[in-house]
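Before any comments, here is the structure.
The values are calculated or read from the model by the stated rules, or taken from the named source; none is laboratory data. As the structure is a prediction and not an experimental result, all values here were calculated from the model. Using ideal geometry, Cβ is built from the backbone for each residue, glycine included, and neighbour counts are taken over all protein chains shown. Note: areas computed on protein heavy atoms with side chains; ligands, DNA, RNA excluded. Shrake-Rupley method; radii C 1.70, N 1.55, O 1.52, S 1.80 Å.
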Amino acid sequence: MALAEIELARVRKAMDVFMQRRRPPAHIRSKLDLGFRITGQSVEIFEVRPAWRGLPDEKHESPVAKATYVRARGIWRVFWQRRDLKWHSYNPKPEVKSVEEFASLVSEDAPACFFG
């Protein structure tokens, strides 16, 4: 089940604030940028870079972090992607109470799981 409209608005607002703080300066965004997408009950943050092979305008996305809303419990489950390209629970704090807390966790990145 997808997020309700009010939940979507809250997620977009939290991610917009996160992007304003974490995006690289405008002059290097063609080489490195951040983006996010909302799919179903999940929000995913990813890096965007030019593809190292292929067309000049081709972009490559690398996942950074993901949070999935568990409506029955009213929490967000937090994930990071390891070398095996699978999502793993973020063990320092696998669950948070809000999408704003998720954005804060990713921004802090204390154990360097999200941004290395």
Legend entry - Index of the failed condition, Val43 passing every other in (1) assigned to a loop (DSSP other than H, G, I, E, B); (2) touching a strand residue (DSSP E or B) at 6+ places or on another chain (Cβ under 8 Å): (1)
Inset, instruction - Scan region 22-41 and give yes if some residue there is in contact (Cβ under 8 Å) with a residue 12 or more places away in the chain, open to solvent by 90 Å² or more (accessible area, probe 1.4 Å) and touching a Gly at 6+ places or on another chain (Cβ under 9 Å), otherwise no. - result: no
Legend entry - Members of region 1-21 found to be open to solvent by less than 40 Å² (accessible area, probe 1.4 Å) and within 21 Å of Asp109 (Cβ to Cβ), listed by number: Val11, Ala14, Met15, Phe18, Met19
Inset, instruction - Determine if region 105-113 includes at least one residue that is assigned to a loop (DSSP other than H, G, I, E, B), touching a strand residue (DSSP E or B) at 6+ places or on another chain (Cβ under 7 Å) and at pLDDT 95 or above. - result: no
Legend entry - strands (runs of 3 or more DSSP E) lying entirely in region 54-95 (those with 3 or more residues that are within 16 Å of Gly116 (Cα to Cα), open to solvent by 70 Å² or more (accessible area, probe 1.4 Å) and free of Cβ contacts under 8 Å to residues at least 60 places away in the same chain): none
